[in-house]
Amino acid sequence: MFRKKKQTNIIRQAVDFDQRLLDRDAIKVVQTISKAGFEVYLVGGCVRDLLLGLKPKDFDIATNAKPEQVHKLFKRSRLIGRRFRLVHVMFSARKFLEVATFRSGQVKTAKSGVIVRDNCYGKVEEDVVRRDFRVNALYYDINTKEVIDYIGGLQDINDQTIHIIGEPLVRFEEDPVRMIRAVRFQTKLDFQLSDEIKQAIHQQASLLSNISPARLYEECIKLFHNEYGFQVFERLEKYDLLKHLFKQTRKNEFIKIALNNTSSRIKRNKPVTPAFLFAVFLWQAQNERFQLIKQKQKSTYLAMSQASEEVIISQIKQVSLPRWLTARIKDTWMMQNRLEKMQPKKVEDILASKGFRMAYDFLVLRSQSINPELKSVADFWTKAQK
Ligand code: ATP
Ligand code: MG
């Protein structure tokens with residue numbers, strides 16, 4: 001039934017995108033593949049964002065050329081991926097574009113319903129239905145300057161609604177990460193989620209715990225390192241997804257102010273580190289743990305250290321954190337005590353230490369939220385830097 005509807009309702013809409021939002025390298029790659037005789041499109045989030053007048057984060061390209069054929073067309077390209085093979089066309093040390101061959105929706109799933117293999121090449125019509133949301137399944141043909149819509153993505157853009165492709169329960173079971181992607185896109189685009197999606201999330205939120213902590217780490221960065229992180233946080237909590245990422249974390253003013261601070265840094269193109277946000281998310285749990293341990297452990301230092309270890313160990317079972325990152329989190333926490341003491345003899349050493357900057361920012365945000373009594377301490381360290 002779905003197939004029939006899909007075939008009869010293809011919409012081609014001519015659009016002349018704002019040239020300033022288009023990526024020249026992406027256009028070049030598409031042109032090269034097209035001139036070699038293949039079918040090729042810009043696809044996914046970039047088409048969605050261009051239609052909404054937003055600057056896309058990245059440009060994905062889909063084609064009927066096989067990865068080896070694409071690789072041959074670009075000197076500076078490489079084949080990557082195990083679960084599915086892709087080509088990265090390199091432009092600089094930091095910039096590459098991803099070219100994917102159309103894949104059929106045929107997936108091999110494990111007993112849990114999770115996809116274990118989906119590497120069967122297919123036609124563009126099949127590539128459409130393996131994608132997650134209808135707004136993410138629009139194709140742009142640069143030769144005809146048309147957006148091609150097989151399943152109603154354009155309508156959804158108009159209605160400002162996110163619909164999943166296919167059966168929500170099945171699609172979330174196949175890949176539970178789609179639930180947090182739904183929340184992220186809802187917030188980024190300021191769209192609403194379809195009732196179907198909301199219901200399915202309600203039923204299946206706990207499937208997130210089947211996802212590897214390493215993949216969830218990558219997803220968490222996408223969730224919170226953006227201009228709308230706090231809203232994402234609140235919605236994850238509302239949909240009961242947060243506890244499957246950060247079971248020790250509850251909303252508080254410190255988290256709010258830190259996420260909003262991260263957003264405004266990103267807007268101003270200032271650097272951000274995930275270590276900071278994770279340290280904020282886990283701070284309350286660390287404190288509670290510390291209070292308990294302190295009842296038996298006289299040394300504040302040892303109690304702090306043990307509390308930090310325990311909270312981090314519990315966290316990485318859900319979302320893995322690289323070692324350098326946990327070291328920075330712990331360092332930031334341990335420094336709080338030293339900063340609060342304001343010992344004149346130690347000021348120089350503390351100012352010169354590597355972790356000072358982050359620990360200071362952390363302290364300032366605490367003083368502006370959950371610990372107003374630390375205002376004078378924060379002022380002390382602000383002055384000490386001058
Ligand atoms: P953004 O880059 O702004 O985060 P995006 O939509 O481009 O959003 P990507 O993660 O870059 O998201 O993925 C590119 C495209 O690949 C998506 O638009 C979607 O069509 C498809 N896709 C990505 N992840 C999944 C998934 N888990 N399940 C199905 N399709 C997916
Ligand atoms: Mg993208």
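Quickly run through segment 52-88 and pick out the residues that are within 16 Å of ligand 1 (Cβ to nearest atom), more than 17 Å from residue 39 (Cα to Cα) and open to solvent by less than 40 Å² (accessible area, probe 1.4 Å).
56, 88
Can you run down the residue pairs with Cβ atoms below 8 Å, 6 or more apart or on separate chains, where the first is in segment 219-248 and within 10 Å of residue 319 (Cβ to Cβ) and the partner is open to solvent by 60 Å² or more (accessible area, probe 1.4 Å) and part of a helix (DSSP H, G or I)?
Short answer, once both residue conditions are applied: 244/206; 244/209.
Checking residue 48 against (1) part of a loop (DSSP other than H, G, I, E, B); (2) within 16 Å of ligand 1 (Cβ to nearest atom), which test does it fail?
Answer for residue 48: the failing condition is (1).
Do the conditions hold for residue 308, that is, is it among the hydroxyl-bearing types (Ser, Thr, Tyr) and open to solvent by 10 Å² or more (accessible area, probe 1.4 Å)?
Considered against the rule, which asks whether it is among the hydroxyl-bearing types (Ser, Thr, Tyr) and open to solvent by 10 Å² or more (accessible area, probe 1.4 Å), residue 308 comes out as no.
Checking the condition within 24 Å of residue 186 (Cβ to Cβ), assigned by TED's automatic domain parsing to the domain that holds residue 139 and over 24 Å from the mean Cα position of the chain (by Cα), which residue from 27, 11 passes?
Of 27, 11, the one residue that is within 24 Å of residue 186 (Cβ to Cβ), assigned by TED's automatic domain parsing to the domain that holds residue 139 and over 24 Å from the mean Cα position of the chain (by Cα) is 11.
Considering only segment 195-241, state which residues are hydroxyl-bearing (Ser, Thr, Tyr) and open to solvent by 40 Å² or more (accessible area, probe 1.4 Å).
Selection gives 206, 209, 212, 228.
Tally the residues that are more than 33 Å from the chain's Cα centre (by Cα) and crowded, with 19+ Cβ neighbours inside 10 Å, restricting the search to segment 327-373.
Total satisfying the criteria: 1.
Could you tell me whether residue 37 is open to solvent by 30 Å² or more (accessible area, probe 1.4 Å), assigned to a loop (DSSP other than H, G, I, E, B) and farther than 22 Å from residue 122 by Cα?
Here the answer is no, as residue 37 does not meet what is asked.
The values are calculated or read from the model by the stated rules, or taken from the named source; none is laboratory data. Small disclaimer: the values here were computed from a predicted structure and weren't measured. Positions of Cβ are generated from backbone atoms using ideal geometry, with glycine treated the same way; all protein chains shown enter the neighbour counts. The area values use the complete protein model at the heavy-atom level, side chains included, leaving out ligands, DNA and RNA. Shrake-Rupley method; radii C 1.70, N 1.55, O 1.52, S 1.80 Å.
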